[in-house]
Each structure stands twice: as C-alpha cells, then as structure tokens.
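First comes the structure, then the notes that go with it.
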Amino acid sequence: MPELPPHDVADLGLAQQGTTRIEWADRFMPVLSAIRERFAAEQPLAGQRIAACLHVTTETANLARTLAAGGAEVTLVASNPLSTQDDTAAALVAAYGLSVYAVRGIDNEGYYRHIDAALDQWPTITMDDGCDLVNRLHLDRPDQAETVLAGTEETTTGVLRLRAMERAGALRYPVVAVNDTPTKHLFDNRFGTGQSTLDGIIRATNVLIAGKTVVVAGYGYCGRGIASRARGHGADVVVTEVDAIRGLEAAMEGYRVMPMPEAATVGDVFVTATGSTSVIRGPHIEAMRDGAILANAGHFDVEIDLAALEEMAVERRPVRPGAEEYVLPGGRGVIVLAQGRLVNLGAAEGHPAAVMDMSFADQARVVEWLTAPEGAAGALGNRVLDVPVELDADVARLKLASMAVEIDTLTAGQIAYLSSYDQGT
C-alpha cells in the first residue's frame, strides 16, 4: 500500500464509500471535468502549493482533484465543522493521495489546528470559504504573506471581511472574489442555496412547507433563491431587509416585506441569509410562535443570537438529527437547525453538483490565471479583485455546451452598430 499523505480524517475505512459519491458528483460536473483533463495534459499549476479552506464535500473533492491534476500540491481543510463529509475526506486521502485535514463536528481548537496544518505547507495560493484561513495567516503568520502570490474567496461573508481588510490597508496580497462573479452569485448563490437550504430544512424537520409562513432575512442572491424556492413549495414568504433597493425589489416580486420585530409574530420558519450578525435576537424570539423553526443559510453561526436563546431557555433537547428544541419559560419552544450553522450543509449535502460545476470551474481557471508564467498576480496589487470577464464567460459557454444549449452570435453588422456612435433614428 502506498504511503499516505499527511492527514487528519475521521475514518479511512470510509474511503470506498466516499470514492463512489465523488464519482457520482463528477458525472454532473462536466465543465470541471474538461478543465481537469486539460490540466493533466498541460500542468499549468506545477510547483504551486495550494492551501484550500473549503467545505469538504464531494463537489469540493472534484475541485481538489482538478488542482492536483494541474500539478499543484494541495492541502484541503474544512471551512465549517459541520459541513465535512467524512467519507469524502477519507477518499481524498486514501484513493486520490491528497492531504486533507477535516473531521465532521470537530471543536474550535481542532478547526484552527487544521488550518495551521495547511499554512505549515507555506502555500503560494490560498483558497478560502469565509476568510478564516486568510485571516489566520495575516494575524498570526504575517511573514508568510510575503510568499503567497494570491488567493481566492468563495463566499459573500468572506468577501465582506476581505474588503474590510483592504480598506484598513491590512491585506498583504491580491484576492479574487470568485463569489461575486456572475456564474457564482447568479447560479450558485441563487439556485444552489435556494434548493439546498429548503432541502436542509425539510430533511431536518420533515415539515410541510406548503401553507407555512417562511421569513427570509436578507434579499441578496441567496435570499432571492430561498424566497423563490419557498414560494415554489407553497409558502407565504415574508422578506426582511435593511437595504431599501432590495426591500423594494422583494415587494415588487410579490413578497410581503416588513421589519423582523413584525415578521417574528407571523413566521413559522425563519431563514437568515445576510452575512451579518444577530439578525434574529432575543426580543424577536420572545415574539415567535410555539414551534417556530430557526435556520441559517449564512456562512457563520452568528446570524441567530444563540447565546441569548441559551440564556432565555429553561431546557434544550434534541428532537431530530440536526434539530434541537429550546424550551422557553411557559412551555413555548423554538427549533434551531444545524446548531445555527449552514443548514444546507449541516442538515443536508449542500449545493447540487451541477451548480458547483460552474463555481469550481471558475476557481480552477482563476488559479490558472493567477499563476500564469506572465505573472498576472504580481501586477494586481494588494486588493480584492473581480474574476476576469472573459474567464467567467468561457465557463458559461462550456456549461451551455455541456447542456446542449446553443445561443445566437452577433452578425458583423450588429457588431458595427453596437460599437459605433454615428447611427441614429
């Protein structure tokens, strides 16, 4: 048996099960598969050391395989203690020879120990899902930042943190906001989060969504997707917002829009998707109905004020896998799903592979661009950048081709018209 790479996973005996699931996901990721085949032939990432702090799922496994096929030395660690699929982690180590540090349910100390293990490899590229790895590097290992070419960030929350670092002059190398590119936020955030969040809620509770009042906090791309899917299930959807334009958009989409103190009195199911903190607070919980269900679709477990809820409760008890009831004085109870963490990964399997195909194709192409021989990363500056438009468009074209969908092309006359200014009525 070949020597295994450095790792910390729950059980290598799960590797065969994980391999089967990774291969299943790969069937629905044709764009990433095509990139992996090209990477294997061209080796564009040879000599790069990539530290990736991402959700360790079957879809992420296929991204890691693609990066490794391109010649990179990859160390993968989990970006959330409840999102790790232990069989996937085992398969990446035992079947694919990748270094993985990920155990489902690991404590906070172990979580950062795993991040440190990735940073011990002195990466040249960082890939983050929430900015924890980049933050750890900047705060605790600033000397290492000089050896990093660039990074990528996959989440809204992570991009918010990175932009704060940029404004403060604290960011030490360029980071590409993969989260903000159209094939990520238009499809992954909206269609992926919309479907997988409802999937997590239903798996954890087996509740009938039809006829329920579902309160969606935040009407960004994730909130749009959740609201749309909840309405598709037959729910009466209420949206809460702090942004006037998004609130107006939600109202014009036909949703009821109101502040959270008012929504708390009418909701049956509450889903936070804001990237902010304490979106649902103690006074809101006090106003909720008996049996209200609280779920979070934001990256960090801070959107529901669990500390306040813990203090209010007289009893806390598990009621189903992934669901806990907090009993309040007087006997009323509220149900918290996935410990307030990402419900789509804590209580389900996350986004469908077909959606992650585009997001991870973007990740792979961006890393290739950043490490190109002409030295793109060196000229970018220490700032947060968008994905180059042509890379994202190429991913979209590949996705359309994989779906056997064709679109029109501009004629020479149309191109001339659109690029001129001297043709009027």
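Miscellaneous remarks
- Cβ-placed point charges (K, R +1; D, E -1), dipole of segment 60-132 about Cα centre in debye, nearest 20: 240 debye
- Contour excess over end-to-end distance, with Cα ends at residue 121 and residue 108 and 0.36 nm allotted per residue: 2.6 nm
- Scattering profile of segment 85-174 at q = 0.20, 0.25 Å⁻¹ [log10 I(q)/I(0), Debye over alpha-carbon scatterers]: -1.03, -1.34
- Ranking 278, 373, 331 by how far each Cα lies toward the positive end of the dipole of segment 257-405 (charges on Cβ) leaves 331 at the top.
- From its DSSP helices (H runs of at least four residues, each -39,500 (n - 2.57)), the chain gives a residue-normalised ellipticity at 222 nm of -12000 deg cm²/dmol.
- Amide H within-cut-off set for residue 152, under 5 Å, with H built and near neighbours excluded: 126, 127, 128, 176
- Equivalent-ellipsoid semi-axes for segment 187-336 (Cα gyration tensor, √(5λ), whole Å, largest first): 23, 16, 14.
- Note that the chain shows a convex hull volume over its alpha carbon atoms of 177 Å³ per residue.
- Among the DSSP helices (H) of the chain, none spans at least 24 angstrom by Cα along its long axis with an average Kyte-Doolittle hydropathy of 1.6 or more; this is a geometric and hydropathy rule only.
- Gyration tensor (alpha-carbon) shape descriptor, segment 1-50, a/c threshold 1.5: oblate
- Segment 148-187: C-alpha gyration tensor shape, a/c 1.5 cut-off, then a/b vs b/c: oblate
- Comparing Cα centroids, segment 275-314 and segment 200-254 end up 17 angstrom apart.
- Exposed-loop-free span, longest in the chain, where GluC sites (Glu not before Pro) count as exposed if DSSP calls them loop and at most 11 other C-beta atoms lie within 10 Å: 4-373
- Cut-off under 5 Å, modelled amide H: who pairs with residue 48 long-range: 73
- Size of electric dipole in the chain: Cβ of Lys, Arg +1 and of Asp, Glu -1, about Cα centre, debye, nearest 20: 620 debye
- Rounded, prolate or oblate (a/c below 1.5 giving rounded, otherwise prolate when a/b exceeds b/c) for segment 1-147 by Cα gyration tensor: oblate
- Dipole of segment 1-96 [Lys/Arg +1, Asp/Glu -1 at C-beta], most positive-end residue of 5, 61, 82: 61
- Accessible area of the chain belonging to carbon and sulfur atoms, whole % at 1.4 Å probe: 53 percent
- Using a simple spin-label model with pseudo-atoms 7 Å out from Cα toward Cβ, residue 414 and residue 278 lie 5.3 nm apart.
- Check: segment 125-264 dipole with +1 on Lys, Arg Cβ and -1 on Asp, Glu Cβ, in debye: 340 debye
- A crude spin-label estimate for the pair residue 206 and residue 400, with each label 7 Å from Cα along the Cβ direction, gives 4.5 nm.
- For the chain, accessible area per residue (1.4 Å probe, heavy atoms of protein chains only), Å²: 43 Å²
The values are calculated or read from the model by the stated rules, or taken from the named source; none is laboratory data. Predicted model only: the values in this text are computed from it and were never measured. Here the Cβ is made from the backbone with ideal geometry for all residues, glycine too, and neighbour counts use every protein chain on show. Protein only, heavy atoms only, side chains kept; ligands, DNA and RNA dropped before computing areas. Shrake-Rupley method; radii C 1.70, N 1.55, O 1.52, S 1.80 Å.
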